[in-house]
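Undergrad: First the structure, which I've put down as structure tokens, then a few questions once you've had a look.
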Amino acid sequence: MWRCGIQVEGSYYPVNDITLTVRDVSKIFNRRIIFENVAFSLSAGESLAITGKNGSGKSTLVKIVCGVLSPTSGTIAYVVNGKILDVEQVKDKIGLVSPYLQLYDEFTGLENLEILSKIRANSVPIGERAGEVLRLVGLWERKNDFLRTYSSGMKQRLKYAFALLHCPPVLILDEPTSNLDAEGIDVVKKIVQEQQKTAILIVATNDKIEADWCQRQMHLGI
Ligand SMILES: Nc1ncnc2c1ncn2[C@@H]1O[C@H](COP(=O)(O)OP(=O)(O)O)[C@@H](O)[C@H]1O
Ligand SMILES: [Mg+2]
């Protein structure tokens, strides 16, 4: 299920030698300090839960770590096999599940995977891997239905399919089980367990049970 045979730039995922280092990251919105001097480092096989109440900055930190939002100060670095990645290369290494990820109602589930993977950095032909991830999240039978006919839980499942499509060495989950039923939550738990074996996992959540999936926890706010 997790064999990733996609060839990208001459290397095969998953990348084992990867490190993410977040140094003294602060974010200020409209003169309001959201968080200050956040620092952590994660290597393949390590996981971190980012906890904190609503508005504490979890999603903001996730966006900064993914490179879609700039920090006010501080740095984020991804190092693979001793080389620091540039912004485009970073996109290729991250799988993100987030309430802020945009899906397209006027296209089918499968078409959404195709469109989104073209937007994501070096567009990789999605091929057989699309079938694998759609089966994994239980959407194979519905892959040709328009997104507007999907329930919110099905859309959340599709976000997982997209996040895992390129076998990312870094998986980042913001509100991982939002809208999912018990079966969907079981799928996520399996994904989380697999990811932690060889890759980096970050979970941003309010939920203690979800935070406990991770080896370490970091709390934002008071
Ligand atoms: N683009 C923005 N402009 C101004 N304030 C923002 C913006 N995005 C988030 N915030 C504020 O930053 C704080 C943290 O938000 P967020 O990261 O979404 O928190 P969480 O995910 O922990 O609920 C909130 O007070 C929110 O209103
Ligand atoms: Mg949030």
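Undergrad: Take residue 25 and tell me if it is at pLDDT 95 or above and touching a Pro at 6+ places or on another chain (Cβ under 6 Å).
TA: yes
Undergrad: Name the residue, out of 182, 204, 161, that is within 15 Å of the chain's Cα centre (by Cα) and away from ligand 1 (no atom under 16 Å from the Cβ).
TA: 161
Undergrad: Just checking, how many residues over the range 44-98 are polar (S, T, N, Q), within 16 Å of residue 22 (Cα to Cα) and either away from ligand 1 (no atom under 14 Å from the Cβ) or in a helix (DSSP H, G or I) (or both)?
TA: Matching residues across the range 44-98 total 5.
Undergrad: Can you name every residue in the range 32-83 that is among the aromatic types (Phe, Trp, Tyr) and more than 16 Å from ligand 2 (Cβ to nearest atom)?
TA: 40, 78
Undergrad: Can you give me the number of residues within the range 19-31 that are loosely packed, with under 11 Cβ neighbours inside 10 Å and within 16 Å of ligand 2 (Cβ to nearest atom)?
TA: Number satisfying all stated conditions: 1.
Undergrad: Run down 210, 194, 175 and say which single residue is at pLDDT below 95 and either of a type outside the set (Gly, Ala, Ser) or within 16 Å of residue 42 (Cβ to Cβ) (or both).
TA: 194
The values are calculated or read from the model by the stated rules, or taken from the named source; none is laboratory data. Everything quoted here is computed from the prediction, not taken from an experiment. Ideal geometry is used to build each Cβ from the backbone, glycine not excepted, and the neighbour counts take in all protein chains shown.
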